[in-house]
Amino acid sequence: MVLRYLILVLVVGSALALNVCLGDVPVSPQAAWSIVTGPPGAPQAGSGLATMIWQIRLPRLLVAFVVGSGLAVSGYLLQSLSRNPLADPYLTGTSSGAGLAVAAATLAGLDFALVPLAAFAGGLAASTVVAAMARSPSGLSVSRLILCGVALSAICSSLITFALLDSGDPARSQGLFLWLAGNIGGRSWSELAASAAYIAVGLAAALVLSKPLRLLSVGVQSAAALGLDVVKAQWALLFAAILTCGASVAVSGLVGFVGLIAPHVARNLFGRDERSHIVSAALIGAALVLLADLAARTLAAGQELPLGTLLSLIGGPFFLWLVLHQRAEGL
């Protein structure tokens, strides 16, 4: 287990280093290390390379790190709460509801520090609607949850498109269209700090609530018999999931399938403890988004591919594999 964690940390560290060094302007590892670790008054601090690394690449790779962590933990919590391995912020409509709220808040000129809260409200509303529609006498229906989530995502995407077409600001509309495809380019330190603060709160809440999550995993009735306030625990975990998702969407746009892939890998490789799952899922999600963003910047010379599109090329086949795997097991 320790070896697996060590390998995972090395993968994340390597992904961070590659994102600093690679791009349209390659930077040698020695030069990058000198710029990142050198004192503020060092000669290279005022160079073009230093400006590029400190003002463009470092904020971007840290945004990728926190977004991947947030979406992965959000997906893990949603899967655990619904006891549905196919749950994901993107597939259950949470991301799209948050995206609609972000688009509305941005077009209204809301300060970015408050945008994650708007995304939280939108994600909460979407999750509540989907959960209500997917409820059945025996609990949440897995198939109905996914179908309602996909339908609500389509509705939210249409509303976002109409809002952008009606905005009267072509420049802002174009920026939001790029954001819809999943894009973390051009993010600033202030945007990173605003979203990272909300994501950190959500991750901390998930770790604190790992014991209630473990009790819920054996069933609602059993958890209640063991003294757990089931309703309070479920709402607290749902708030943590939506907060991390909303803050991630606010800074990255609609990036899908990270919350589907990372929890499955974490469960298969890192034992049965919920805290281990949360930490490992966060690191796996961070590595996934970091590597996908690196590919988005470097695959096509002179242009940048949409981050969300690249992740969908990975997540779509993974989702189909999960569905076929469940069908083969008769689930």
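At a glance:
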{"read-out": "Residue check for ALA250: closer than 23 Å to LEU124 by Cα, in a helix (DSSP H, G or I) and at pLDDT 90 or above", "value": "no"}
{"read-out": "Complete set of residues in segment 94-113 that are within 16 Å of PHE162 (Cβ to Cβ) and among the β-branched types (Val, Ile, Thr)", "value": "VAL102, THR106"}
{"read-out": "Tally of residues being at pLDDT 90 or above and outside any helix (DSSP H, G or I) across segment 196-226", "value": "1"}
{"read-out": "Cβ pairs under 6 Å, 6+ apart, first in segment 61-89 and closer than 30 Å to ALA32 by Cβ, second of a type in the set (D, E, K, R) and surrounded by fewer than 24 Cβ atoms within 10 Å (Cβ to Cβ)", "value": "VAL63/ARG187"}
{"read-out": "From the options ARG297, ARG267, ARG272, residue that is touching a Gly at 6+ places or on another chain (Cβ under 6 Å) and surrounded by fewer than 24 Cβ atoms within 10 Å (Cβ to Cβ)", "value": "ARG297"}
{"read-out": "Yes/no for ALA240 being under 15 Å from the mean Cα position of the chain (by Cα), more than 28 Å from PRO317 (Cβ to Cβ), at pLDDT 90 or above and part of a helix (DSSP H, G or I)", "value": "yes"}
{"read-out": "Evaluation of SER173 against (1) within 24 Å of ALA206 (Cα to Cα); (2) touching a helix residue (DSSP H, G or I) at 6+ places or on another chain (Cβ under 6 Å); (3) without any contact (Cβ under 8 Å) to a residue 12 or more places away in the chain; (4) small (Gly, Ala, Ser) (one fails), failing number", "value": "(1)"}
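The values are calculated or read from the model by the stated rules, or taken from the named source; none is laboratory data. Since this is a predicted model, take the numbers as computed values, not measurements. Cβ atoms come from the backbone with ideal geometry, glycine included; neighbour counts cover every protein chain shown.
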